[in-house]
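The values are calculated or read from the model by the stated rules, or taken from the named source; none is laboratory data. Quantities reported herein were computed from a predicted structural model and do not represent experimental measurements. Glycine gets a Cβ as well: all are built from the backbone with ideal geometry, and neighbour counts include every protein chain shown.
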């Protein structure tokens, strides 16, 4: 008998009919001879409605109370899901985050899980119950309700899987798994069967938002093997796990795309210590997250320094560096709002040469200009004209044989 | 500095605007130099929507899960109310039933309060917070969420008032207080300033549903003085408290009306032991609640036995006694669906003679026939033709000088 933790997201439980569908899946998993803990999110749309309601009584709702309010979303789903399973003649109980023993720190609206006491879960499982646990929430050790922030339900599932030493953790979502590229952009993209934590993390940080990075990091830290799969069909999904020896045989696991980027270039920055620091300190002071940074080779006694960031942060970034540019006596600032990021990811890059070159050649065949390049051990990213992104993705995807 | 417990019902917190209104009242109470605990219900309509949602996933939702589901209603209100108070620049925290220390038995959907541990409430009050507590809910000693059934939020308020030894408990509702009669029926009815627990209980059990009986019983048991008043104006309400010496000076405190009654008469029941028992056992077996029972004087060797009950229970009652009527060889069954109950209530009846006679005279003046009479120490009830109820209420109300 295996112990399986499943997680169903907001779309999967978005209507009473879909909750019944989820109930059938959970029951089928138990009927196949497994113990089951299912983590569920708020029904899609509910969280937004609650936030809207809060705004009607307060321009800036207290975070402590926001957590109390939002936690009702998942509490509604756990009750409905347990009822639906009971109606199918199976034993199920619902548990809020607090009841499931999820203890967090006290940082409201983005709490971190500090500890899980799975005593009550084990007791119910032992008595033959299916446990339906509210995702996204927990409580502090002094009994305040907290929520875990974006992607919190995935985190709940993975943390519970670690705590109860589950044999498998299944993240049910509205996609079939992790793809070699976004299938809406590259129709030839195919589902990846297995991917290691580090590749998954790079995919997440490069625009393929199947899961939030911190859930993957948590899984990596505690060695939780999990599968991302669809709640709308029975196709096997993508298994995310520790890197295995044969994973390096594949050069590139996937191509990740990120639109809505912007590039900022500070022109002719005097080539002396402290000038780069002055620029990026000014940006950090405004809490603007930047992505890639490139400094051109020194020509004479100045450099051009470029960086990329999310497009909607551009106005704030420009304002933040205005004063600095004058202060350090740079020549000026150029911005480009029409760029996108394309990355190739794979642990195979560590042992295969010429990977970046193959990528650049593919882009070159399409006459696509590379504006910025950035590399890490298992990832190579380029910034290109956003208008050419689809074409670029297809060329790179093809160049690494990902469509086969 | 006084400690005041307030309770706001579903209509009083029915919209974000009304929650803001309630927040202003609570803040004003604190600003007047009081410590405040406010108990709130689910926003009106929310509980019904949740029940509807449950029915969509299960024909007969599990009671344990129904409690988890319904408890979200009050949890939403406490968060919104605390936010609204915070937005007014005052310190407030929300507490679910469980967080407020309300421990109940394990009878889901109609749990009884077993114990209240007000430690956390006292702590927050000491720190200058206004405490906003979810009405209607608690948890079992082993951590399951429970709800208290109809009128549960009133009960929460009164139980908390008892536990924290409040100086006053105010039940804010959509009426100005308890009236000498339903003002929609008798426009001359006036608000009662003070009423004792026993009178309030008789009012509640006779159709004046300002509050559920069990909340009043709880208040009586623990000596909690409470005031029923409107959340939509600043008028003083009705204070409900222990009987005082001068209360007996008033003969009749109020006139209570109950429509939608039905009368059943079993004709010519043989006058021997066990026949009445047979009839009422058959009804009890179907869980039908009956109200008044009258047996006519024996004429020959048979009696007529009449009883009254809620009109919508009539078909079931008729079915329940069909077999018995044949078995005991009674002559048959007559029913009257068009009746109503009118009661006069007052502790003054104990010391004043001729009270019932004065009531019957008043009805007689209007040519209103009395079908059944029932009396208790502080109440006299009659069953009359429902079509004459308004007229009867005005005559009786006038006869006891209640309009002055």
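Yes/no matrix, rows are residues, columns are (1) without any contact (Cβ under 8 Å) to a residue 60 or more places away in the chain; (2) out of contact with any helix residue (DSSP H, G or I) (no Cβ under 7 Å at 6 or more places or on another chain); (3) crowded, with 18+ Cβ neighbours inside 10 Å; (4) part of a helix (DSSP H, G or I):
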residue	(1), (2), (3), (4)
B:294	no, yes, no, no
B:304	yes, yes, yes, no
B:307	yes, yes, yes, no
B:312	yes, yes, no, yes
B:316	yes, yes, no, yes
B:321	yes, no, yes, yes
B:326	yes, yes, no, yes
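Let's see how each residue does on (1) part of a strand (DSSP E or B); (2) touching a residue at least 24 places away in the same chain (Cβ under 8 Å); (3) in contact with a strand residue (DSSP E or B) (Cβ under 9 Å, 6 or more places away or on another chain):
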{"position": "A:339", "(1), (2), (3)": "yes, yes, yes"}
{"position": "A:352", "(1), (2), (3)": "no, yes, no"}
{"position": "A:357", "(1), (2), (3)": "no, no, no"}
{"position": "A:361", "(1), (2), (3)": "no, yes, no"}
{"position": "A:364", "(1), (2), (3)": "no, no, no"}
{"position": "A:367", "(1), (2), (3)": "no, no, no"}
{"position": "A:381", "(1), (2), (3)": "yes, yes, yes"}
{"position": "A:389", "(1), (2), (3)": "no, yes, yes"}
{"position": "A:397", "(1), (2), (3)": "no, yes, yes"}
Query raised in the report: Among (1) in contact with a strand residue (DSSP E or B) (Cβ under 9 Å, 6 or more places away or on another chain); (2) surrounded by fewer than 19 Cβ atoms within 10 Å (Cβ to Cβ), where does residue B:234 come up short?
Result: (1)
Report task. Of the numbered conditions (1) outside any helix (DSSP H, G or I); (2) out of contact with any helix residue (DSSP H, G or I) (no Cβ under 9 Å at 6 or more places or on another chain); (3) farther than 25 Å from residue A:275 by Cβ, residue A:343 fails exactly one; give the number of that condition. Result -> (2)
**Report entry** Residue that is under 22 Å from residue A:234 (Cβ atoms) and part of a helix (DSSP H, G or I), where the choices are A:85, A:78
**Finding:** A:85
Report task. Could you figure out which of (1) closer than 30 Å to residue A:384 by Cα; (2) surrounded by 19 or more Cβ atoms within 10 Å (Cβ to Cβ); (3) touching a helix residue (DSSP H, G or I) at 6+ places or on another chain (Cβ under 7 Å) isn't true of residue A:219? Result -> (1)
Query raised in the report: When only residues in segment A:93-106 that are within 10 Å of chain B (Cβ to nearest Cβ) and under 15 Å from residue A:68 (Cα atoms) count, which is surrounded by the most Cβ atoms within 10 Å (Cβ to Cβ)?
Result: A:96
Requested in this report: Using the structure shown, decide if residue B:119 is in contact (Cβ under 8 Å) with a residue 60 or more places away in the chain and surrounded by fewer than 24 Cβ atoms within 10 Å (Cβ to Cβ).
Outcome: no
Report summary line: Considering residues that are under 24 Å from the mean Cα position of the chain (by Cα) and assigned to a loop (DSSP other than H, G, I, E, B), the number found within segment B:101-118 is 8
Query raised in the report: How about segment B:77-92: which of its residues are at the interface with chain A (Cβ under 7 Å from one of its Cβ atoms) and surrounded by 24 or more Cβ atoms within 10 Å (Cβ to Cβ)?
Result: B:78, B:79, B:80, B:82, B:83, B:84
Query raised in the report: Regarding residue B:268, is this residue over 25 Å from residue B:380 (Cβ atoms) and in a strand (DSSP E or B)?
Result: yes
Query - Condition met for residue A:27 (over 30 Å from residue B:85 (Cβ atoms), buried (at least 23 other Cβ atoms within 10 Å of the Cβ) and in contact with a helix residue (DSSP H, G or I) (Cβ under 8 Å, 6 or more places away or on another chain)) - result: no
Report summary line: Only one of (1) out of contact with any helix residue (DSSP H, G or I) (no Cβ under 6 Å at 6 or more places or on another chain); (2) farther than 19 Å from residue A:233 by Cα does not apply to residue A:14, and that is (2)
Query raised in the report: Which condition number does residue B:213 fail, the rest of (1) touching a helix residue (DSSP H, G or I) at 6+ places or on another chain (Cβ under 6 Å); (2) surrounded by fewer than 18 Cβ atoms within 10 Å (Cβ to Cβ); (3) more than 25 Å from residue B:383 (Cα to Cα) being met?
Result: (3)
Query raised in the report: Among the residues of segment A:142-156, is any part of a helix (DSSP H, G or I), touching a residue at least 12 places away in the same chain (Cβ under 8 Å) and in contact with a helix residue (DSSP H, G or I) (Cβ under 7 Å, 6 or more places away or on another chain)?
Result: yes
Query - Exclusive hit being more than 28 Å from residue A:86 (Cα to Cα), touching a helix residue (DSSP H, G or I) at 6+ places or on another chain (Cβ under 9 Å) and in the same structural domain as residue B:136 (by TED's automatic domain parsing), set B:71, B:82 - result: B:82
Query raised in the report: If you scan segment A:356-391, which residues turn out to be buried (at least 19 other Cβ atoms within 10 Å of the Cβ) and within 30 Å of residue A:241 (Cβ to Cβ)?
Result: A:359, A:362, A:378, A:379, A:380, A:381, A:382
Report summary line: Over segment B:65-76, the set of residues out of contact with any strand residue (DSSP E or B) (no Cβ under 6 Å at 6 or more places or on another chain), touching a residue at least 24 places away in the same chain (Cβ under 8 Å) and either at the interface with another protein chain (Cβ under 7 Å from one of its Cβ atoms) or closer than 17 Å to residue B:156 by Cα (or both) is B:73, B:76
Query raised in the report: Which of (1) touching a helix residue (DSSP H, G or I) at 6+ places or on another chain (Cβ under 6 Å); (2) outside the structural domain of residue A:115 (by TED's automatic domain parsing); (3) buried (at least 18 other Cβ atoms within 10 Å of the Cβ) is the odd one out, the single condition residue A:180 does not satisfy?
Result: (1)
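Looking only at segment A:29-44, how many residues end up being under 21 Å from residue B:67 (Cα atoms) and either outside any loop (DSSP other than H, G, I, E, B) or within 12 Å of chain B (Cβ to nearest Cβ) (or both)? Lay out the reasoning, then the answer.
Here is the first cut: in segment A:29-44, the ones under 21 Å from residue B:67 (Cα atoms) are A:37-43.
Of the ones still in play, those that are also either outside any loop (DSSP other than H, G, I, E, B) or within 12 Å of chain B (Cβ to nearest Cβ) (or both) are A:37-40, A:42-43.
So the answer is 6.
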Query raised in the report: Can you name the residue in segment A:230-253 that is modelled with pLDDT under 95 and not in a loop (DSSP other than H, G, I, E, B) and is also nearest to the chain's Cα centre (by Cα) among such residues?
Result: A:230
Query raised in the report: Between a first residue in segment A:45-63 that is more than 24 Å from residue A:139 (Cα to Cα) and at the interface with chain B (Cβ under 7 Å from one of its Cβ atoms) and a second residue that is at pLDDT 95 or above and exposed (fewer than 13 other Cβ atoms within 10 Å of the Cβ), which pairs have beta carbons less than 9 Å apart while being 6 or more apart in sequence or on different chains?
Result: A:56/B:17; A:57/B:17
